[in-house]
1. Report the residue count in segment 42-94 for those that are assigned to a loop (DSSP other than H, G, I, E, B) and either on the phi > 0 side of the Ramachandran plot or among the hydrophobic types (A, V, I, L, M, F, W, C) (or both).
2. Test Gln86 against the criterion of being open to solvent by 100 Å² or more (accessible area, probe 1.4 Å) and either among the β-branched types (Val, Ile, Thr) or over 20 Å from Thr99 (Cα atoms) (or both), and give yes or no.
3. Identify all residues within segment 5-19 that are closer than 18 Å to Gln45 by Cα, open to solvent by less than 70 Å² (accessible area, probe 1.4 Å) and in a helix (DSSP H, G or I); write none if there are none.
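The values are calculated or read from the model by the stated rules, or taken from the named source; none is laboratory data. These numbers come from a predicted model, not from an experiment. We work out accessible area using only protein heavy atoms, side chains counted, and drop any ligands, DNA or RNA first. Shrake-Rupley method; radii C 1.70, N 1.55, O 1.52, S 1.80 Å.
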Amino acid sequence: MRRERINNSIEKLKSLQGREFLKQQPDSRQEKADILEMTVHFLMQQQKQQQREQQSYNSVCSASASEGYGRCVQEAVIFLSQCGVQTPSQRRLLSHFLTMQPSMEKSTSVLLICSSVCNISSN
């Protein structure tokens, strides 16, 4: 009964991998070990492809998150600059945002405006 279950499962694997088996050995009879080896090989390839796709997806998401975070910090800096920083806590907050801003090179105008408003150089 156990052997019958194994044989049925191997036949199912063979039918699921039909095209792959025909590509490898079109005219020969497939041994059980061949079927198992080819199935393992196929599954490993699928797993590698999924990992590559996941890594690609993660890098895109990470870049989007960083970009969104940078825009948020930049908007906060612009908002605080336009409000007129008056208290020490406002200066500290703006100064903190400026140090956290990932794209300071791209927004030097915002940096100049904020540094003059905050007198960051004196803190």
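1. 2
2. No, not satisfied.
3. Within segment 5-19, Leu13, Lys14, Gly18 qualify.
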